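Single-structure report; data block below.
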Amino acid sequence: MRTLGRSRVSVTALGLGGAPLGNLSEAVDEDTAAGAVRAAWEAGLRLFDTAPHYGLGLSERRLGRVLADLPREGYTLSTKVGRILEPTPERARERDDQGFDVPAAHTRRWDFSADGVRRSLEGSLERLGLDRVDLLLIHDPDDHGRQALEEAYPALHELRSQGVVGAIGAGMNQAAMLERFATETDVDALLLAGRHTLIEQADSLLAACLERGVSVLAGGVFNSGLLAHDHPPPEATYDYRRAPAGVRERALRIAATARRHGVSLPQAAIAFTASHPAVASVVLGMRTAEQVRRNAALAARAVPAALWSELVEEGLLDPGAVPHNHESTS
């Protein structure tokens with residue numbers, strides 16, 4: 001267990017990301033989704049991350065139903081603010097247009113105001129069936145940076161001061177704005193998705209987090225699928241689009257080097273990201289119990305330091321990004 005920043009909220013080295021439970025890219029039936037959450041618990045994962053955005057609340061509802069049968073003090077629940085879900089029953093026969101295979105019975109409205117933060121949290125608690133969340137994150141304020149920093153953050157700060165939430169932070173797919181949160185605010189944790197992986201690194205942000213005592217939750221370590229395969233196929237995705245030929249070729253070269261050390265590409269991807277001292281947890285989006293068990297097993301295996309050294313020699317990894325430990329595990 002690792003503690004987030006200066007808070008009392010702790011997380012396991014591996015966490016379950018809830019976007020697939022909201023039918024990201026493809027539908028998952030109720031039993032399969034519930035089985036993934038139960039498998040995560042059985043594998044020792046105690047961090048569960050979700051958001052209203054994920055399936056228009058479906059991910060929160062599914063997580064809440066399974067977590068209701070587990071001891072509340074035994075896990076850490078993270079959700080997010082920034083999108084208010086408003087009913088649109090007239091569109092219930094349509095499908096969501098933001099990547100989730102769910103009915104468009106609600107619409108997302110950006111709102112990073114203090115009132116929006118409180119409304120979003122209230123909605124999440126209702127969907128989760130809980131009376132509190134442990135970690136609350138400002139979600140994707142890319143085009144709303146000023147309001148997020150001047151209105152949403154102070155609201156989160158107040159909620160933490162009041163004991164309504166245990167830890168606060170922000171979660172994004174970019175490093176630059178997260179670095180502002182790390183240096184200009186008193187957040188406990190930042191969720192960085194897809195920007196510190198074997199393909200690309202966010203050294204400046206992670207260094208700032210180390211200096212400021214901010215914990216990093218690392219999501220998207222497979223870069224939306226590219227690094228999830230030991231031999232990435234031509235249709236493999238990178239940042240939710242088909243991977244450019246040059247990026248896929250780099251992944252194939254990394255995979256070939258890893259195999260010479262008895263390491264699979266997904267194993268190396270998890271271990272690399274987890275090895276940075278600023279990273280408290282690697283959060284993996286998983287939709288089935290089989291995926292959970294496979295990734296938990298991969299995360300438990302050591303990766304020899306010689307792999308990182310060879311990747312540096314081949315120009316596939318920046319020397320400054322090499323894991324600090326001689327032998328890395330997550």
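The values are calculated or read from the model by the stated rules, or taken from the named source; none is laboratory data. Bear in mind the structure is a predicted one, so any value in this text is a computation, not a measurement. Using ideal geometry, Cβ is built from the backbone for each residue, glycine included, and neighbour counts are taken over all protein chains shown. SASA here: full protein model, heavy atoms, side chains in, ligands and nucleic acids out. Shrake-Rupley method; radii C 1.70, N 1.55, O 1.52, S 1.80 Å.
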Q. For the range 124-133, which residues satisfy the criterion of being touching a strand residue (DSSP E or B) at 6+ places or on another chain (Cβ under 8 Å) and open to solvent by 20 Å² or more (accessible area, probe 1.4 Å)?
A. Leu125, Leu130, Arg132
**Q.** Output for the range 52-98, where each listed residue is among the acidic types (Asp, Glu), assigned to a strand (DSSP E or B) and crowded, with 23+ Cβ neighbours inside 10 Å
**A.** none
Q.
Can you go through Gly315, Gly262 and tell me which one is open to solvent by 40 Å² or more (accessible area, probe 1.4 Å), in contact with a strand residue (DSSP E or B) (Cβ under 9 Å, 6 or more places away or on another chain) and not in a helix (DSSP H, G or I)?
A. Gly262
**Q.** Every residue from the range 99-117 that is part of a strand (DSSP E or B) and open to solvent by 70 Å² or more (accessible area, probe 1.4 Å)
**A.** Arg109, Trp110
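Yes/no matrix, rows are residues, columns are (1) in a helix (DSSP H, G or I); (2) free of Cβ contacts under 8 Å to residues at least 24 places away in the same chain; (3) under 10 Å from Gly82 (Cα atoms):
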{"site": "Leu121", "(1), (2), (3)": "yes, no, yes"}
{"site": "Ser124", "(1), (2), (3)": "yes, no, no"}
{"site": "Asp134", "(1), (2), (3)": "no, no, no"}
{"site": "Ile138", "(1), (2), (3)": "no, no, yes"}
{"site": "Asp142", "(1), (2), (3)": "no, no, no"}
{"site": "Tyr153", "(1), (2), (3)": "yes, no, no"}
Q. Only one of Gly169, Gly225 is crowded, with 20+ Cβ neighbours inside 10 Å, in contact with a strand residue (DSSP E or B) (Cβ under 6 Å, 6 or more places away or on another chain) and not acidic (Asp, Glu); which?
A. Gly169
(Q) Just the residues that are within 18 Å of Gly219 (Cβ to Cβ), open to solvent by less than 50 Å² (accessible area, probe 1.4 Å) and not aliphatic (A, V, I, L, M), please, taken from the range 24-48. (A) Phe48
Q: Would you check if there is a residue in the range 177-191 being among the small types (Gly, Ala, Ser) and either over 19 Å from His276 (Cβ atoms) or surrounded by fewer than 24 Cβ atoms within 10 Å (Cβ to Cβ) (or both)?
A: no
Q | Residues located in the range 111-168, provided they are under 21 Å from Arg180 (Cα atoms) and touching a Ser or Thr at 6+ places or on another chain (Cβ under 6 Å) | A | Leu135, Glu151, Tyr153, Ala167
Q | Count - residues of the range 171-190 that are part of a loop (DSSP other than H, G, I, E, B) and within 21 Å of Ser161 (Cβ to Cβ) | A | 4
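To keep it simple, each residue is scored yes or no on (1) closer than 19 Å to Thr79 by Cβ; (2) touching a residue at least 40 places away in the same chain (Cβ under 8 Å); (3) aliphatic (A, V, I, L, M).
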| site | (1), (2), (3) |
| --- | --- |
| Gly169 | yes, yes, no |
| Ala176 | no, no, yes |
| Ala189 | yes, yes, yes |
| Glu200 | no, no, no |
| Cys209 | no, yes, no |
| His231 | no, no, no |
Q) Failed condition for Pro277, given (1) in contact (Cβ under 8 Å) with a residue 40 or more places away in the chain; (2) buried (at least 21 other Cβ atoms within 10 Å of the Cβ), with all others met? A) (2)
